[in-house]
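Here the structure comes first, spelled out in structure tokens, and everything after it is commentary.
The values are calculated or read from the model by the stated rules, or taken from the named source; none is laboratory data. Remember, predicted model here, so these are calculated numbers, not experimental data. Neighbour counts run over all protein chains shown; Cβ positions are idealised from the backbone, glycine included. Protein only, heavy atoms only, side chains kept; ligands, DNA and RNA dropped before computing areas. Shrake-Rupley method; radii C 1.70, N 1.55, O 1.52, S 1.80 Å.
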Amino acid sequence: MPTDEDAVRTSARIAAAIALCASVAFLPTPAATAPTYAAKLLSVGKTPSAARNSDGALEVSVAGPDSALWHVRQATSQPGSWSAWSSLGGVVTSDPSVIAGSGGQLEVFARGSDDAVWHVSQEAANPRGWSVWASLGGRITSGPVAALDADGRLEVFARGTDGALWHTLQNSPDSQDWSVWSSLGGRITSDPVVTRNADGRLEAFARGTENALWHTWQDSPNSQGWSGWSSLGGRITSDPAAARDSGRRVEVFARGTDGALWRTSQRAPGSANWLGWSSLGGSITSDPAAALDADGRLEVFARGTDNALWHVWQEVTYARHQYEIVATVSWSAWASLGGGILSDPAVAPNSDGTLEVFARGTDNAFWHIGQTAPHSRGWSGWASLGRPRS
């Protein structure tokens, strides 16, 4: 029978196997010169954004037909019934970005009609109460994206009118006081995505004008010093998606010029060295969305050419090699979850560990589908959340 030492070795082998499972085949990589800007205005895709409340209930936010921000939430922390849609007002011209602050309250960011970033947040003592809208200023040409610094301060990133990446951050955790906007340089042609490294440093990714993936990162956790931009190569045709795997390495996913899903990952947690690009196949027509399953496997979702939701996931197999249990990590074939969706998918974990996916349907209502058990291959049927009505 395996011992506790076997289990420890197994966990270490899983993390090592994930790092080695990428193909050595590279997509064409251009010289690492600074990307140049080509103007691209954002059109509101009515893609939902989902996050979990401090009470464990999921909440979904979306730009409504009246350009106000609308939201709907689970009635309890367990998957099941949902509230009716309600408006939080405002005038938003991008899809929202929703994140839980260090105190657990949700905060929503979106671009306003004046191209500034606006935000609204839950009241600390009442998750069902919300603040009034407040402007963070700036002039942005992408949807904003929010991330949590290692010390609990929220930081917001967006593309500016010069094509560079700009950011602003709270002066202290849960504060309503924010810094002035500052530029991180670069020339990007996609919405940015930001994730936190294993050591707490934030790292931002975006597509450059030559369609390669570029990234920049904090010099140290909570630092206002950032690296210069560096190219990870590739040829991508979507916004990137980033997530940390069970070995704490950052992995990035994007659609390639062939319509397939491609991936690249750090060689080690927090490393500036990356593996080459490898294809996960498929034929996708949306930005991908990635999440970590309850058992530590990454799972990626995207819309297929048939407008159904498709997904692919890491698979782990075990074999005893002499006195050790060896784990090998690979990726599944693509599988359809059905449905008919018109937006990028959004994925969030329920309080019980199951994943829940949201998207706009062909009837312009918002639909969701969830795992029937944590890290299960079984999924519920699609259910409608209805749609905001102005």
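Among residues of the stretch 65-92 being in contact with a Ser or Thr (Cβ under 6 Å, 6 or more places away or on another chain) and of a type outside the set (A, V, I, L, M, F, W, C), the one that is farthest from GLN371 (Cα to Cα) is ASP66.
Considering only residues in the stretch 205-224 that are small (Gly, Ala, Ser) and in contact with a Gly (Cβ under 9 Å, 6 or more places away or on another chain), the one that is nearest to LEU275 (Cα to Cα) turns out to be ALA212. Filtering VAL60, VAL98, VAL72, VAL108 for residues that are under 15 Å from ALA348 (Cα atoms), aliphatic (A, V, I, L, M) and touching a His at 6+ places or on another chain (Cβ under 7 Å) leaves a single hit, VAL60. Yes or no: the stretch 174-183 includes at least one residue that is under 27 Å from ARG235 (Cβ atoms), modelled with pLDDT of 95 or more and open to solvent by less than 50 Å² (accessible area, probe 1.4 Å). Scanning the stretch 174-183 turns up no residue that is under 27 Å from ARG235 (Cβ atoms), modelled with pLDDT of 95 or more and open to solvent by less than 50 Å² (accessible area, probe 1.4 Å). Does TRP277 meet the test of being more than 20 Å from ALA147 (Cβ to Cβ) and of a type in the set (A, V, I, L, M, F, W, C)? Here the answer is yes, as TRP277 does meet what is asked.
Residues that are within 17 Å of the chain's Cα centre (by Cα) and at pLDDT 95 or above were ranked within the stretch 294-309; the one that is farthest from SER336 (Cα to Cα) is LEU298. Scanning the stretch 148-168 for residues being open to solvent by 10 Å² or more (accessible area, probe 1.4 Å) and either part of a strand (DSSP E or B) or basic (Lys, Arg) (or both) gives a total of 3. Just one of the numbered conditions (1) on the phi > 0 side of the Ramachandran plot; (2) open to solvent by 40 Å² or more (accessible area, probe 1.4 Å); (3) at pLDDT 95 or above is not true of ARG255: (1). Within the option set ALA204, ALA242, being closer than 30 Å to GLU123 by Cα, at pLDDT 95 or above, open to solvent by 10 Å² or more (accessible area, probe 1.4 Å) and in contact with a strand residue (DSSP E or B) (Cβ under 6 Å, 6 or more places away or on another chain) holds for one residue only, ALA242.
On the stretch given as the stretch 104-147, residues that are open to solvent by 20 Å² or more (accessible area, probe 1.4 Å) and under 21 Å from the mean Cα position of the chain (by Cα) total 3.
In this structure, ASP66 does not qualify as over 27 Å from LEU355 (Cβ atoms), under 23 Å from the mean Cα position of the chain (by Cα) and in a loop (DSSP other than H, G, I, E, B). Residues of the stretch 103-118 being in a strand (DSSP E or B), of a type outside the set (Lys, Arg), out of contact with any Lys or Arg (no Cβ under 7 Å at 6 or more places or on another chain) and in contact (Cβ under 8 Å) with a residue 24 or more places away in the chain, which ones? LEU106, GLU107, VAL108, PHE109, ALA110, TRP118, listed by residue number.
If I ask for residues that are touching a Ser or Thr at 6+ places or on another chain (Cβ under 6 Å) and among the charged types (D, E, K, R), which ones from the stretch 114-159 would you list? Selection gives ARG139, ARG159. Might you let me know whether the stretch 214-221 holds any residue that is under 28 Å from ILE284 (Cα atoms) and touching a residue at least 40 places away in the same chain (Cβ under 8 Å)? Yes, the conditions are met somewhere in the stretch 214-221. Of all residues in the stretch 81-102, those satisfying the criterion of being open to solvent by 50 Å² or more (accessible area, probe 1.4 Å) and in a loop (DSSP other than H, G, I, E, B) are SER81, ALA84, VAL91, SER102.
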